[in-house]
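Q: I have a structure here, written as structure tokens, and I will follow up with some questions on it.
The values are calculated or read from the model by the stated rules, or taken from the named source; none is laboratory data. Since the model is a prediction, treat every value here as computed from it, not as a measurement. Note: ideal-geometry Cβ built from the backbone for every residue, glycine included; neighbour counts use all protein chains shown.
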Amino acid sequence: METKKSIDALQFFVTGLTEGAIVHRLQGQALKAEGFAKLGDKFLAHYAEEMGWVEKMQERILDLGGTPVFEGCKSREIVVDPVEYIKADLAIQEKGVPMLRDCALTLADDPLTYDILKAYLADEEEDLYWLRGQLELCAKIGLQNYLATLI
């Protein structure tokens, strides 16, 4: 097992996931303010779930003898249009899931880190399918009907 490789991978995901979680929180609040309470609550819950993954990954970094680092967040615009935000989040997921899958495979010699990333991957794939499903639903029932389901 290459401890540094595991720590570096976990730190990469801690940084990206922290940023994504904060954006989900801000998006959730903005969507609720726009009247889309159900979707806003979904993303606020997603924030809490993602921060739980950050905590697990940070704990593993500490177990491996590393020190988690806060590397800051990039500036990202908050999108108040629900469908446009779902599209933007989907684009991130579609890139991130394969990257996470590939990274997890490279850490198979570290079973504990591998298990964390594998469980996180399952969660992220579920999110990917949910986002795709939302866009499919919108296309099937029409924008106005879809937006009504988000209130």
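Q: Every residue in region 68-121 that is farther than 28 Å from PHE36 by Cβ and among the small types (Gly, Ala, Ser), please.
A: Answer for region 68-121, where residues must be farther than 28 Å from PHE36 by Cβ and among the small types (Gly, Ala, Ser): GLY72, ALA104, ALA108, ALA119.
Q: Could you list all residues from region 95-123 that are of a type in the set (D, E, K, R) and either over 11 Å from the mean Cα position of the chain (by Cα) or surrounded by 18 or more Cβ atoms within 10 Å (Cβ to Cβ) (or both)?
A: Correct list: LYS95, ARG101, ASP102, ASP109, ASP110, ASP115, LYS118.
This table checks each residue for (1) free of Cβ contacts under 8 Å to residues at least 60 places away in the same chain; (2) within 13 Å of the chain's Cα centre (by Cα).
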residue: ALA30; (1), (2): yes, no
residue: LYS38; (1), (2): no, no
residue: LYS42; (1), (2): yes, yes
residue: VAL54; (1), (2): yes, yes
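Q: When you scan region 4-25, do you find a residue that is part of a loop (DSSP other than H, G, I, E, B) and out of contact with any Lys or Arg (no Cβ under 8 Å at 6 or more places or on another chain), even just one?
A: No; the residues of region 4-25 include none that is part of a loop (DSSP other than H, G, I, E, B) and out of contact with any Lys or Arg (no Cβ under 8 Å at 6 or more places or on another chain).
Q: Take the residues of region 70-94 that are surrounded by 14 or more Cβ atoms within 10 Å (Cβ to Cβ) and aliphatic (A, V, I, L, M): which is modelled with the lowest pLDDT?
A: Result: VAL79.
Q: Where the second residue is at pLDDT 95 or above and in a helix (DSSP H, G or I) and the first is over 22 Å from VAL14 (Cβ atoms) and lies in region 117-133, which pairs have Cβ atoms under 7 Å and are six or more apart or on separate chains?
A: Matching pairs, first to second residue: LEU131/ILE86; LEU131/ASP89; LEU131/LEU90; LEU131/GLN93; ARG132/LEU90.
Q: State which residue pairs qualify: first residue buried (at least 18 other Cβ atoms within 10 Å of the Cβ) and inside region 8-28, second residue among the polar types (S, T, N, Q) and assigned to a helix (DSSP H, G or I) in any location, beta carbons under 7 Å apart, and separation of 6 or more residues or different chains.
A: As it stands, the answer is LEU10/THR113; VAL14/GLN58, since those pairs meet every condition given.
Q: Determine which single condition LYS38 fails, assuming it passes every other condition in (1) modelled with pLDDT under 95; (2) in contact with a Leu (Cβ under 7 Å, 6 or more places away or on another chain).
A: (1)
Q: Based on this model, can you work out whether GLY40 counts as small (Gly, Ala, Ser) and within 22 Å of LEU150 (Cα to Cα)?
A: Criteria met by GLY40.
Q: Please specify each residue of region 26-55 satisfying the condition of being more than 16 Å from ASP89 (Cα to Cα), part of a helix (DSSP H, G or I) and not acidic (Asp, Glu).
A: LYS32, ALA33, ALA37, LYS38, ALA48, MET51, GLY52, TRP53, VAL54, listed by residue number.
Q: I've got another one for you. Among the numbered conditions (1) more than 28 Å from ARG132 (Cβ to Cβ); (2) surrounded by 17 or more Cβ atoms within 10 Å (Cβ to Cβ); (3) hydroxyl-bearing (Ser, Thr, Tyr), tell me where THR67 comes up short.
A: Among (1) more than 28 Å from ARG132 (Cβ to Cβ); (2) surrounded by 17 or more Cβ atoms within 10 Å (Cβ to Cβ); (3) hydroxyl-bearing (Ser, Thr, Tyr), the lone unmet condition for THR67 is (2).
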